[in-house]
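**Q** First the structure, which I've put down as structure tokens, then a few questions once you've had a look.
The values are calculated or read from the model by the stated rules, or taken from the named source; none is laboratory data. For clarity, every value in this text was computed on a predicted model and none was experimentally measured. Reconstructed Cβ throughout: ideal geometry from the backbone, glycine too, with neighbour counts over all protein chains shown. SASA here: full protein model, heavy atoms, side chains in, ligands and nucleic acids out. Shrake-Rupley method; radii C 1.70, N 1.55, O 1.52, S 1.80 Å.
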Amino acid sequence: MCDRKYAILGTGALGGFYGAKLQKAGLDVHFLLRSDYEHVSQYGLLIESKEGDFTLSQVNAYQYVEKMPQCDVVVVALKTTQNYLLPELLPPIVKDGGVVLVLQNGLGIEEEIAQIVGNVSIISGLCFLCSNKVGQGHIRHLDYGLITLGEYVPGYHSVGITDRMQQIADDFSSAGIAIELAEDLLLARWKKLVWNIPYNGLSVILNATTDELMADVYTCRLVEQLMFEVAAGANSYGRNIPDSFIQKMLDYTLKMKPYRTSMKIDYDACRPLEVEAIFGNPLRKARAAGINLLQISCIYDQLKFLDTKNQRQY
Ligand SMILES: NC(=O)C1=CN([C@@H]2O[C@H](COP(=O)(O)OP(=O)(O)OC[C@H]3O[C@@H](n4cnc5c(N)ncnc54)[C@H](OP(=O)(O)O)[C@@H]3O)[C@@H](O)[C@H]2O)C=CC1
Ligand SMILES: CC(C)(CO)C(=O)C(=O)O
């Protein structure tokens, strides 16, 4: 068993699920919580999963990072809308020479983290996971769970498979979490956006689940066009997303159980939407490389309008 200490920043649908699996496998895990702190300190975490339900009656729960031990691996599992808190949250808990493991959707997050903490490695994981937080300390894992890991270096040059990536992969694999290693993090991030941009965006704008978007010829066409635009964005950075990958994402979603995307869940709960990380950053990156992603830009403007209106109502 490894002696790496893990911190989970944000014990929600994703952080709660993976963190609990790591603890169950015997790893030393420390959970930062917000509204669920009292409940989880007292009763622990309950994970409902198609892979088997389990309870952790005792977890290392914290309300403040100052009380947490310094950790070898700090998992960032907040919504990106909370990333403005990272300058307060990260420095006290990441060990010198440690790893910040970003498990968030979107683009450009590693560059922000590199500004906050020096002398750490930044590794990101793109999570193909359907998980929801359904109550205090109560996570419902609906499907999937594969994480594609890639390491960040300034400029997003491809660094191949590093030893640190391999160590984290070994820890997660020991907890029964499927891991794939990517040589090129930037390519992996754009590939994840092939799914998130059309489905997250359209689910909110059109008030639709994934199966509804796939069942209609017009929305299906829109999804596909958006996917091709994401591929054009990747291409502006010299990354090739083949047409076969787009077909794979369409087939994958057709086979998926009807799903309300995480952005739609946030919208329905009047929580802020991850518009900047998932739409704004890719648009700005592509623009900086000289291309305008017109359809994605149109989705972005509508989401900004809906997000602002939703927040005002709240
Ligand atoms: N859920 C999924 O299946 C997937 C999620 N992702 C990505 O993972 C990331 C996390 O999403 P998800 O887990 O769904 O989101 P959740 O909202 O379920 O989890 C985020 C957690 O962070 C906690 N939090 C927020 N602010 C603080 C704070 N200041 N201190 C401590 N805890 C805090 C929240 O606490 P509180 O409970 O009080 O709100 C919440 O429990 C996002 O980038 C998302 O896009 C990617 C793939 C799949
Ligand atoms: C594609 C999906 C729904 C899981 O398969 C996901 O990873 C996400 O919501 O970001």
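**Q** So what is the relative contact order for the range 62-119, in percent, with contacts set as C-alpha pairs under 8 Å and at least six apart?
**A** Details: 61 pairs, mean separation 24.0, N = 58.
Taking the mean separation of contacting Cα pairs over the length of the range 62-119, I get 41 percent.
**Q** For the range 213-314, calculate the relative contact order in percent as a whole number, restricting contacts to Cα pairs under 8 Å that are 6 or more residues apart.
**A** It comes to 30 percent, rounded to a whole number.
**Q** Kindly provide the helix-only [θ] at 222 nm of the chain, computed as the sum of -39,500 (n - 2.57) over DSSP H runs of four or more divided by all residues, to the nearest 500 deg cm²/dmol? Mind showing how you got there, number by number?
**A** Details: 12 runs with 137 residues, N = 314.
Value at 222 nm, helices only, nearest 500: -13500 deg cm²/dmol.
**Q** Put T210, T219 in order of accessible area, largest first, 1.4 Å probe: what do you get?
**A** Reading off the accessible areas and sorting them downward yields T219, T210.
**Q** Could you tell me whether the range 260-314 comes out rounded, prolate or oblate from its Cα gyration tensor? Rule is a ≥ b ≥ c as square roots of the eigenvalues, rounded for a/c under 1.5, then prolate if a/b exceeds b/c, otherwise oblate.
**A** Prolate shape, in that a/c is at least 1.5 and a/b is the bigger ratio.
**Q** Measure nothing fancy, just the Cα-based angle from helix 294-313's long axis to the longest principal axis of the chain, in degrees from 0 to 90, nearest 10.
**A** 60
**Q** Sticking with this structure for a sec: Starting from the coordinates of the alpha-carbon atoms of the range 187-313, obtain the Kirkwood hydrodynamic radius over all distinct pairs and give the value in Å to one decimal.
**A** Hydrodynamic radius (Kirkwood, Cα pairs) of the range 187-313 is 14.7 Å.
**Q** What do you get for the angle between helix 13-24 and the principal long axis of the chain? Use alpha-carbon atoms, 0 to 90 degrees, nearest ten.
**A** Helix 13-24 sits at roughly 40 degrees to that axis.
**Q** Show me the three semi-axes of the equivalent ellipsoid for the range 212-260, from the C-alpha gyration tensor (sqrt of 5 times each eigenvalue), largest first, rounded to whole Å.
**A** Its equivalent ellipsoid spans semi-axes of 22, 12, 8 Å.
**Q** Determine the relative contact order of the chain: mean sequence separation of Cα pairs under 8 Å and six or more apart, normalised by residue count, in whole percent.
**A** Contact order relative to length: 14 percent.
**Q** Can I ask one more? Compactness ratio of the chain: Cα Rg over 2.2 N^0.38 Å, N = residue count?
**A** Ratio of Cα Rg to 2.2 N^0.38 Å: 0.96.
**Q** Per residue, how many Å² of accessible area does the chain show with a 1.4 Å probe?
**A** For the chain, the per-residue accessible area is 44 Å².
**Q** In nm², what is the average projected area of the convex hull enclosing the Cα atoms of the range 5-183?
**A** Mean shadow area of the hull around the Cα atoms is 9.0 nm².
**Q** Whole-Hz Karplus ³J(HN,Hα) for the range 43-49, in order, using 6.51 cos²θ - 1.76 cosθ + 1.60 and θ = phi - 60°, x for Gly and Pro?
**A** Values per residue, Gly and Pro as x: 10, x, 10, 10, 10, 9, 8 Hz.
**Q** Loop only per DSSP, at most 14 neighbouring Cβ atoms within 10 Å: give me the GluC sites (Glu not before Pro) in the range 11-89, ordered by residue number.
**A** Sites meeting the loop and neighbour criteria: E51.
**Q** Under 24 Å from the Cα of K257, which lysines turn up, not counting those fewer than eight places away in the same chain?
**A** K257 reaches K21, K50, K79, K133, K191, K192, K248.
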